[in-house]
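Reviewing the structure listed below.
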Amino acid sequence: MILAKKVRIRPTPEQEQKLWRCAGVSRWAYNWTLARQEENYAYGGKFLSDAVLRKELTKLKQTEQYAWLNEVSAQTTKQAVKDACGAYIKMFRGKSGKPKFKCRKRSKPSFYSRYDRFKVNGCLIYLEKIGWVQTSEDLPKHDKYSNPRVSFDGKYWYVTVGIEQGQEKKELLGGVIGIDVGIKDLAVCSNGMVFININKSITVRNAQKRLRRLQRKVSRKYEMNMEGSRFVKTGNIVKVETSIRLLHRRLTNIRTNYIHQATSAIAKTKPCVIVMEELNVSGLMKNRHISKAIAEQKLYEFVRQMKYKCEKIGARFIQASRFFPSSKLCSCCGRIKAELKLSERTYECVCGLRIDRDMNAAINLSKLAV
Ligand SMILES: [Zn+2]
């Protein structure tokens, strides 16, 4: 299996300038592809393949007006066109919505770097047209690195590469684990492990409080500095907006890190099978009372990590159908309750079972593996 490895890079100021240019050109090529597809569609044309568009882009590069496109590696723009076409294909297959234009302010700066020029030497990596860049930690030695991508998270630059890894050959003694994920707790496992909701912790709450305060501050500043009906950006506004961006970054990092810890702890018990429910996050997001809490839990990320960590240790990963009544079913006698409100935290059955609602669901899921 191929696992992605992400390390922080420490570019020099000149290199950082080049990185920004690559990210900018890559974004431009992506947006250009979307615009060409839309224009073509408006005139009644069919989907343009990336090969056609790449040829068009090559011609564009020869004109004087677009000569600046040649400042970055040809592979970077080529991959951006491919990515944009790939996003359309994903939409045609019903796997995602319509691809969106990458806005300069909101999109994450990132670009593809040529894989066959990518080299590693200790704590140095080589990126085409950028040169040798220092990394914060050594990348594992390997003869083939795939799909190197460079990205910026609002504070630091990173490089992500795919590295082929063999499966760990260990005995799996942990048995079957059913996992119920939700809002009250992140995950309740049938073996008794419980992972709390990190968003209820004091650290996250305080960070969110500070975030709200800064957001109020910045909107107040915008109103104060209005010239007529126009909003003006002052130096102080830029400063506050930077701290808001960094705080968002910190919250994301806390949440992702916590999910990594939880999924790793589960994988460490060496289960042979893991059963989870198929998530219907977009359905849950329609309920405006819980949509924010659902988004903050990053449940898709939990499933994604659990899946690849299972593959890594050689465990089976099963997803139950979303119509399986994991919560309503009694894990003791098999009766199904007609109705179960979200507020009912304890499951009570006529057979005498009294159990935590999520634990009941986790046990029901674990039984599916047999
Ligand atoms: Zn029962």
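The values are calculated or read from the model by the stated rules, or taken from the named source; none is laboratory data. Worth saying up front: this structure is predicted, and the values here are computed from it rather than measured. All Cβ positions, glycine included, derive from the backbone under ideal geometry; neighbour counts span all protein chains shown. Heavy atoms of the whole protein, side chains included, go into the accessibility calculation; ligands, DNA and RNA do not. Shrake-Rupley method; radii C 1.70, N 1.55, O 1.52, S 1.80 Å.
Quick check: at a probe of 1.4 Å, how many percent of the accessible area of the chain sits on carbon and sulfur atoms?
On the way: 11270 of 21770 Å².
The nonpolar share, carbon plus sulfur, comes to 52 percent.
Quick one: length gained pulling K367 to A295 fully straight, 0.36 nm per residue minus the C-alpha distance? Mind dumping the intermediate values first?
Details: separation 72, 0.36 × 72 = 25.92 nm, distance 2.86 nm.
Extra length available between K367 and A295 comes to 23.1 nm.
In whole Å and largest first, what semi-axes does the C-alpha gyration tensor of the range 176-320 yield when each eigenvalue is scaled by 5 and square-rooted?
They are 39, 15, 13 Å, listed from largest to smallest.
Quick check: convex hull over the Cα atoms of the range 2-164, volume per residue in Å³, rounded to an integer? Kindly include the intermediate steps, with their values, before the conclusion.
Details: hull volume 21.5 nm³, N = 163.
Looking at the range 2-164, the number lands at 132 Å³ per residue.
How much length would be gained if the chain were fully extended between N70 and K217, taking 0.36 nm per residue of separation minus their Cα-Cα distance, in nm to one decimal? Numbers along the way, then the final one.
Values: separation 147, 0.36 × 147 = 52.92 nm, distance 4.26 nm.
Going from the current span to full extension adds 48.7 nm.
Measuring from label point to label point, each 7 Å out along Cα→Cβ, what is the M285 to R114 span in nm?
Placing both labels 7 Å beyond Cα along the Cβ direction yields 3.8 nm.
Order H289, H248 by their accessible area, 1.4 angstrom probe, all chains in place, largest first.
Working: H289 145, H248 85 Å².
Largest to smallest exposure gives the sequence H289, H248.
For the range 176-320, what is the accessible area per residue in Å² when the probe is 1.4 Å? Don't skip to the end; give the middle numbers.
Details: 8000 Å² over 145 residues.
Heavy-atom accessible area per residue stands at 55 Å².
So for the chain: antiparallel DSSP bridges make up what percent, rounded to the nearest 5?
Here the antiparallel bridges make up roughly 80 percent for the chain.
Take every Cα-Cα distance within the chain, group them into 10 Å bins from 0 onward, and report for each bin the whole-number percent of pairs it holds.
4, 17, 23, 26, 19, 8, 2, 0, 0
When the solvent-accessible surface of protein heavy atoms is calculated with a 1.4 angstrom probe, in what order do S136, S366 fall, highest first? Please list the in-between numbers first.
On the way: S136 55, S366 20 Å².
The most accessible residue leads, giving S136, S366.
Output the relative contact order of the chain, whole-number percent, from Cα pairs under 8 angstrom with separation of 6+ residues. Don't skip to the end; give the middle numbers.
Details: 523 pairs, mean separation 60.6, N = 370.
Across the chain, relative contact order equals 16 percent.
Which of N147, S107, S96 sits closest to the plus end of the dipole of the range 2-164, meaning its Cα is farthest towards the positive end, when Lys and Arg get +1 and Asp and Glu get -1 on the C-beta?
S96
From the backbone phi of the range 76-89, what are the Karplus-calculated ³J(HN,Hα) couplings (6.51 cos²θ - 1.76 cosθ + 1.60, θ = phi - 60°) in whole Hz, Gly and Pro given as x?
Couplings: 5, 5, 4, 5, 5, 5, 4, 4, 5, 5, x, 5, 5, 4 Hz.
May I ask you to list the aspartates and glutamates whose Cα is less than 16 Å away from that of K307, ignoring any residue fewer than eight positions away on the same chain?
E168, D180, E277, E278
Provide the per residue accessible area, probe 1.4 Å, for the range 12-163, rounded to a whole number of square angstrom. Walk me through the numbers before you get to the answer.
On the way: 9030 Å² over 152 residues.
I get 59 Å² per residue for the range 12-163.
Do the sum for the chain: with -39,500 (n - 2.57) for every DSSP H run of n ≥ 4, divided by all residues, what is the mean residue ellipticity at 222 nm, to the nearest 500 deg cm²/dmol? Mind dumping the intermediate values first?
Numbers: 9 runs with 156 residues, N = 370.
So the helix-based figure for the chain works out to -14000 deg cm²/dmol.
To the nearest 10 square angstrom, how much accessible area does I355 have with a 1.4 angstrom probe?
Answer for I355: close to 30 Å² accessible.
Calculate the spin-label point distance for M226 paired with K61, positioning each point 7 Å from the Cα along the beta-carbon direction, and give it in nanometres.
4.8 nm
Hey, which lysines would be in cross-link range of K119, C-alpha to C-alpha under 22 Å, not counting anything within fewer than 8 residues on its own chain?
Here the lysines satisfying the reach criterion relative to K119 are K5, K6, K18, K78, K129, K141, K144.
Listed highest first by mean packing, meaning other Cβ atoms within 10 Å per residue, what order do 313-319, 38-44 come in? If you can, show how the numbers build up before the last one.
Values: 313-319: 16.3, 38-44: 10.4.
Ranking the peptides 313-319, 38-44 by packing returns 313-319, 38-44.
Go through 67-80, 219-232 and give me the packing order, highest mean Cβ count within 10 Å leading. Could the numbers behind the result be given before it?
Details: 67-80: 18.9, 219-232: 10.5.
So the peptides 67-80, 219-232, ranked by packing, come out 67-80, 219-232.
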